[in-house]
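S.K.: One structure is given below, represented as structure tokens, and several questions about it will come after.
The values are calculated or read from the model by the stated rules, or taken from the named source; none is laboratory data. Just so we're clear, the structure is a prediction, and the values are computed from it rather than from any experiment. Please note: Cβ atoms are built from the backbone with ideal geometry, for glycine as well, and neighbour counts cover all protein chains shown. Just the protein is used for accessible areas: all its heavy atoms, side chains included, with ligands, DNA and RNA removed. Shrake-Rupley method; radii C 1.70, N 1.55, O 1.52, S 1.80 Å.
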Amino acid sequence: MELDLAIRFLVIAADSFIGLVLIALVLFVIYLIGLYCIDVTQTKHAIRRNYPIIGRFRYAFEHLGEFFRQYFFAMDREELPFNRAQRSWVYRTAKNVDSTVAFGSTRPLNVPGTVMFMNCIFPTLTEDAVEPRRITIGPYCHEPYATTSLFNISGMSYGALSAPAVQALSQGAAKAGVWMNTGEGGLSEHHLQGGCDLVFQIGTAKYGVRDKDGLLDDVKLKTIANYPQVKMFEIKLSQGAKPGKGGILPAEKVTSEISKVRGIPEGQASISPNGHPEIRSVHELLDMINRVRRITGKPVGFKIVIGGSEWLDDLFHAIQQRGEEFAPDFITIDGAEGGTGAAPMSLMDYVGLPLAESLPLVVDKLCEYGLRERVKVIASGKLINAADVAWAICLGADFVTSARGFMFALGCIQALRCNKNTCPTGITTHNPKLQKGLVVSEKAERVKNYAHNMMHYVGIIAHSCGLKEPRELTRHHARIVIQSGQSILLSELYPEVVYRTHNTSAVTATNRGKS
């Protein structure tokens, strides 16, 4: 009896399943007919009009191609903006696992622009190596900032990044002893939570320190400066991915909390001005720098993408006239290869100088005007591996900052969804379901590991060159491949600059500022 009931139940279930399949099939056919009618009658897409339904696959495959390429088709050093070899090194160092490779390098050594470091016949022994020397920024400030940190977290705003991502970066930076730039989106409790040193960035919209008209509010600025974790202030004039255009935050990312932090309406897209209304000349730039420094008592510099160099002459000449105490305490140079969550392709691809040109240009200009010791240089722009950082130090950078390197440390897979609020790793989305994949304690440890291992491997390069610490690297320690396929020293490509001191005696300037 029980067997008969079971058989009868299975027959009924099978009949029901078949019925549902048939209904689904009929609905699917109706759906296809509908798509066919839509495709043959629409006038915007020729492919769909000529090849109804089938033509739709073209757009699907085109969209999926950018994701499949990195797994199935691209070689290790082919992808852009970062190839698999670059990303894999960051992933391994962030996880603190073996980052050695076997058999041989896949990096071609005859491509113009390739950098090679000059090893010494007598490398520095491990017991003779020392930590990077301490550098003081802002000697004329009430509260100068002194740090040994060489590799730090570049500007990424809360809003562009999720709360868990900011928390993980803040905690990881504190563990590693590096600073974290807030980005132009203001100072949130998530930045403060980790206890790391912070650089507060003042963008063109003055988020977090703006008045009702969007101009700088001195009272709010003083409030930010009262946080002991905030060590420096950076006025952002432009950034690498979009020189001449302000930040873009889609409406779906402007939550109530972000609205409060930035001082903007909730649920409305936030687009920063493409420049500071108060800064329309080098003299107004110096006025703003000194205004912020006077109110905060802390070091102040500016971030810039270099285009022409004439304005640098005007700026440094103005500093010489006013006195070096009026100079910016640092300049952050962002290369045109810098990234962001969203930017017009016309700016991202075609505007601004890459870091390889702009970094030595600015360093040499500082040397020419006798300001190299006074103004510290921070390099930023696609520097995520140890060789990138060592190269920037050779060219004269006092510090290096990275945004996307630390995003990879958080688990970014280069899904290219930063501007869609659908980041699959929870880093650049405010969707709680996606954010839950980012476990703060785990990712903070990876941020720490990445920063520590970066300094370890930059140190290995310096020791191979016979130096005791990375800040001793100069242009004499690296060669670069030129068009002929041969290489020359960086010091030949960018010779040392001669400037005159205050007593008018000629001095040969090195590309390294003194602490």
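S.K.: For the chain, what is the largest minus smallest coordinate of the Cα atoms on each principal axis, given in angstrom and ordered from greatest to least?
M.R.: Principal-axis extents of the Cα atoms in the chain, largest first: 108, 61, 52 Å.
S.K.: Separate question: As a test of the formula, what do you get for the chain when each DSSP H run with n ≥ 4 contributes -39,500 (n - 2.57) and the sum is divided by the residue count, at 222 nm and rounded to the nearest 500 deg cm²/dmol?
M.R.: The helix contribution divided over the chain gives -12000 deg cm²/dmol.
S.K.: OK, next. Considering just Cα atoms, how many Å³ per residue does the convex hull of segment 331-374 enclose?
M.R.: Per-residue hull volume (Cα only) is 72 Å³.
S.K.: Picking from Leu10, Ala387, Val363, whose Cα lies most toward the positive end of the charge dipole for the chain (charges on Cβ: Lys, Arg +1; Asp, Glu -1)?
M.R.: Positive-most Cα among the choices belongs to Leu10.
S.K.: Sticking with this structure for a sec: Taking 2.2 N^0.38 Å as the expected size of a compact globular protein, what ratio does the Cα radius of gyration of segment 439-493 give against it, to two decimals?
M.R.: 1.62
S.K.: Continuing with this model, one more query. In percent, what relative contact order does the chain have, based on Cα pairs under 8 Å that are 6 or more apart in sequence?
M.R.: 19
S.K.: With all protein chains present, calculate the accessible area of Arg56 using a 1.4 Å probe and round the result to the nearest 10 Å².
M.R.: Probe radius 1.4 Å; accessible area of Arg56 about 80 Å².
S.K.: Can you spot the lysines whose alpha carbon is less than 26 Å from Lys220's alpha carbon? Ignore those fewer than 8 places along the same chain.
M.R.: Reachable lysines: Lys206, Lys212, Lys231, Lys236, Lys245, Lys253, Lys260, Lys298, Lys303.
S.K.: Still on this structure: With an 8 Å cut-off on Cα pairs and a minimum separation of 6 or more residues, tell me the relative contact order of segment 132-184 in percent.
M.R.: So the answer I get is 37 percent.
S.K.: Take Leu10, Leu410, Leu347 and sort them by solvent-accessible surface of the protein heavy atoms, 1.4 Å probe, largest at the top.
M.R.: Sorted descending by solvent-accessible area, the residues read Leu10, Leu347, Leu410.
S.K.: Would you work out which of Gly323, Pro299, His276 lies farthest towards the positive end of the dipole of segment 256-378, given +1 charges on the beta-carbon of Lys and Arg and -1 on that of Asp and Glu, about the Cα centre?
M.R.: Projecting each Cα onto the dipole axis, the largest value belongs to Pro299.
S.K.: How large a share of the accessible area of the chain, in percent, is made up of carbon and sulfur atoms when the probe is 1.4 Å and the other protein chains stay in place?
M.R.: 59
S.K.: Right, next: What does the net charge come to around Glu184 if you take all other residues with beta carbon closer than 10 Å to its beta carbon, with K and R at +1 and D and E at -1?
M.R.: Here the count lands on +3.
S.K.: Rg and Dmax of segment 205-244 over Cα atoms: what are they, in angstrom?
M.R.: 12.0, 32
S.K.: Something else now. Putting +1 on Lys and Arg Cβ atoms and -1 on Asp and Glu Cβ atoms, find which of Thr126, Pro228, Cys412 reaches farthest to the positive end of the dipole of the chain.
M.R.: Result: Cys412, furthest along the dipole toward the positive end.
S.K.: Run the reach check for Lys448 against aspartates and glutamates, Cα to Cα strictly under 18 Å, same-chain hits fewer than 8 apart removed. What comes back?
M.R.: Asp98, Glu131, Asp197
S.K.: Determine the gain in length on full extension of the stretch Phe9-Leu27; use 0.36 nm per residue of separation and subtract their C-alpha separation, reporting nm with one decimal.
M.R.: This chain segment gains 3.8 nm when fully extended.
S.K.: Continuing with this model, one more query. What helices in the chain pass both tests, a Cα length along the helix axis of 30 Å or more and a mean Kyte hydropathy of 0.5 or higher, using whole DSSP H runs?
M.R.: 2-41
S.K.: Using only the alpha carbon atoms of segment 337-470, find the Kirkwood hydrodynamic radius as the inverse mean reciprocal pair distance, in angstroms to one decimal.
M.R.: Result for segment 337-470 stands at 17.0 Å.
S.K.: To the nearest 20 debye, what charge dipole does the chain have about its Cα centre, counting +1 at the Cβ of each Lys and Arg and -1 at the Cβ of each Asp and Glu?
M.R.: In total the dipole reaches around 460 debye.
S.K.: Heavy-atom accessible area per residue, the chain, 1.4 Å probe: how many Å²?
M.R.: 48
S.K.: In debye, nearest 20, what is the charge dipole magnitude of segment 99-206 about its Cα centre with +1 on Lys and Arg Cβ and -1 on Asp and Glu Cβ, if you could check?
M.R.: Roughly 220 debye for segment 99-206.
S.K.: As an exercise, identify the trypsin sites (Lys or Arg not before Pro) in segment 179-247 lying in DSSP coil whose Cβ has no more than 12 other Cβ atoms within 10 Å.
M.R.: Taking segment 179-247 and a limit of 12 other Cβ atoms within 10 Å, the loop trypsin sites (Lys or Arg not before Pro) found are Lys212.
S.K.: Based on the Cα coordinates of segment 292-369, what is the per residue volume of their convex hull in Å³?
M.R.: 110
S.K.: How much accessible surface does Leu355 have with a 1.4 Å probe, in Å² rounded to 10?
M.R.: We get 0 Å² for Leu355.
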